[in-house]
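Heads up: the structure comes next, in structure tokens.
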Amino acid sequence: MNSEKYYSYEDRSKIPFPNMRGGKRAPSFFIVLLIIFGVIVISAGSSYVGVIIAERNSAGKQVVVYQQADKHPVELISSGGKKTVAGVSDAVADSVVEIVTEKVYFQDSFRQYIISGAGSGVIWSPDGYIVTNYHVVKNANNISVRLSDGKTFAANLVTYDDRTDLAVIKVEVSGLISVVVGNSSHLVPGEQVVAIGNPLGSLGGTVTDGIISALGREITVEDDTLMLLQTNAAINPGNSGGGLFNMYGDLIGIITAKSQGTGIEGIGFAIPSDTVKPVVQDLIEYGFVRGRPNGDILKLDEVVVSSGMISQTQLKIAAVNTQKPIPLQSGDFIMSVAGEKVNENRPIYIRTKEQWESFIKKHDAGDTIKIVYRRAGVEGECSFELEEKTKP
């Protein structure tokens, strides 16, 4: 929505820490463990800090992937032992940003016009990586990011994954406060959550609360089917890319869509953090999501073919773009999926680009697919291995 269109936790205050009182020394192995994980026990009780998870890429450069859960001390988000929306907001507000985009459109050779858009994002790492929805920054000529303190910075699109509607942008700023990524698989329906974003593109830092209404909703967003969290927290145009947080201040979803229509209220959706984490990690470290099949090995045109009184759309191969030879060539028609049928008499036809993309997305890189094709009026079957898609 660019200007748009379970988690049962243990009580973290009860997490036991070693008894450090009475002059007793902690065992040496425990001291080493504390050093390794960077955990500083401030007092015997509930205070604790999180760990920044980092990896090294092939060039030896350290890449901050995300912060593990359990960063925010319980005291920061609670009042009298009760977790509050105000406390969560205070703990995470600096990790949510406003995003403004500009897209330049040319009406003719002499005139152009600019369309502005707005969305939200979450700071993924202290060195300036920010995660948002791809549709927020798609085709943007200029992207700017406004932090919670009002400072604005130019941002660049690093890369994106259109299948999950996620994008990574970057500002050249260090020392930012990044989100703490929680586990969406622990969520349960009815659990309280907090949404923070930039509704209407002009109300940055807006906080709304609600509950997890449902898990695993299969929703189609921009032609891609996603498994999303459903929430009744107020979501409006401009919230896309913002954060959905649990009552421990952990990011458990990236807001991505809202059901719109007369009489529809309180139905919003978010990409689960367990989906977001591996995608963003790959995007930052590799520039693409590993294991995805390359559906662009065939450049396809939709053509209308007439036979007698019947006309139907078919896919014609315009070019083959692959490093490994496959038994298809320019001019061939893609007909159906070989060996698979909707029922006993009806094959699975592939007649549109959308059907081809849907078919490819059901597979992983390295899978062998079988299709029926027609060449010079003669049908045949072939099989070939799907290559990995290394570019978004």
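Being closer than 30 Å to ILE360 by Cβ, touching a helix residue (DSSP H, G or I) at 6+ places or on another chain (Cβ under 7 Å) and either modelled with pLDDT of 95 or more or part of a loop (DSSP other than H, G, I, E, B) (or both), is that true of even one residue in region 234-251? Yes, region 234-251 has at least one match.
Matching residues to (1) of a type in the set (A, V, I, L, M); (2) at pLDDT 95 or above; (3) under 27 Å from ASN236 (Cβ atoms):
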site	(1), (2), (3)
GLN67	no, no, no
ASP70	no, no, no
SER78	no, no, no
VAL85	yes, no, yes
VAL104	yes, no, yes
GLY121	no, yes, yes
ASN139	no, no, yes
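Within region 158-171, the set of residues being farther than 21 Å from GLY204 by Cα and either modelled with pLDDT of 95 or more or among the acidic types (Asp, Glu) (or both) comprises VAL158, THR159, TYR160, ASP161, ASP162, ASP165.
With respect to being crowded, with 20+ Cβ neighbours inside 10 Å, at pLDDT below 90 and on the phi < 0 side of the Ramachandran plot, ALA257 fits the description.
Look at region 304-328: where a residue is under 20 Å from VAL372 (Cβ atoms) and a partner is surrounded by 10 or more Cβ atoms within 10 Å (Cβ to Cβ) and acidic (Asp, Glu), sitting 6+ places away or on another chain with Cβ atoms under 7 Å, you get THR313/GLU302; LEU315/GLU302; LYS316/ASP301; ILE317/ASP332; ALA318/ASP301; THR322/GLU387. Scan region 126-174 for residues that are aromatic (Phe, Trp, Tyr), buried (at least 19 other Cβ atoms within 10 Å of the Cβ) and farther than 17 Å from VAL92 by Cα and the total you get is 2.
Evaluated against (1) of a type outside the set (D, E, K, R); (2) within 17 Å of ASN294 (Cβ to Cβ); (3) in a strand (DSSP E or B); (4) touching a Pro at 6+ places or on another chain (Cβ under 8 Å), LEU315 falls short on exactly one condition, (4). Looking across region 225-246, the residues that are surrounded by fewer than 22 Cβ atoms within 10 Å (Cβ to Cβ) and among the hydrophobic types (A, V, I, L, M, F, W, C) come down to LEU226, MET227, ALA234. Please state which of the following conditions LEU228 fails to meet, knowing it meets all the rest: (1) part of a helix (DSSP H, G or I); (2) within 12 Å of the chain's Cα centre (by Cα). Of (1) part of a helix (DSSP H, G or I); (2) within 12 Å of the chain's Cα centre (by Cα), only one is false for LEU228: (1).
Name the single residue, out of those in region 175-195 being among the small types (Gly, Ala, Ser) and buried (at least 17 other Cβ atoms within 10 Å of the Cβ), that is farthest from PRO278 (Cα to Cα). Restricting to residues being among the small types (Gly, Ala, Ser) and buried (at least 17 other Cβ atoms within 10 Å of the Cβ), the top hit is ALA195. The sole residue among VAL173, VAL188, VAL193 that is in the same structural domain as GLY238 (by TED's automatic domain parsing) and in a strand (DSSP E or B) is VAL193. Only one entry of ASN139, ASN183, ASN133 meets the criterion of being out of contact with any strand residue (DSSP E or B) (no Cβ under 6 Å at 6 or more places or on another chain), under 30 Å from LYS362 (Cβ atoms) and polar (S, T, N, Q), and that entry is ASN183. In region 327-352, the residue that is farthest from the chain's Cα centre (by Cα) out of those that are surrounded by 16 or more Cβ atoms within 10 Å (Cβ to Cβ) and under 22 Å from GLU388 (Cβ atoms) is LEU328. If you go through region 195-214 and keep only what is farther than 19 Å from ASN232 by Cβ and among the polar types (S, T, N, Q), you end up with ASN198, SER202.
The values are calculated or read from the model by the stated rules, or taken from the named source; none is laboratory data. This structure is a prediction, so every number in the text was calculated from the model and none was measured. Neighbour counts run over all protein chains shown; Cβ positions are idealised from the backbone, glycine included.
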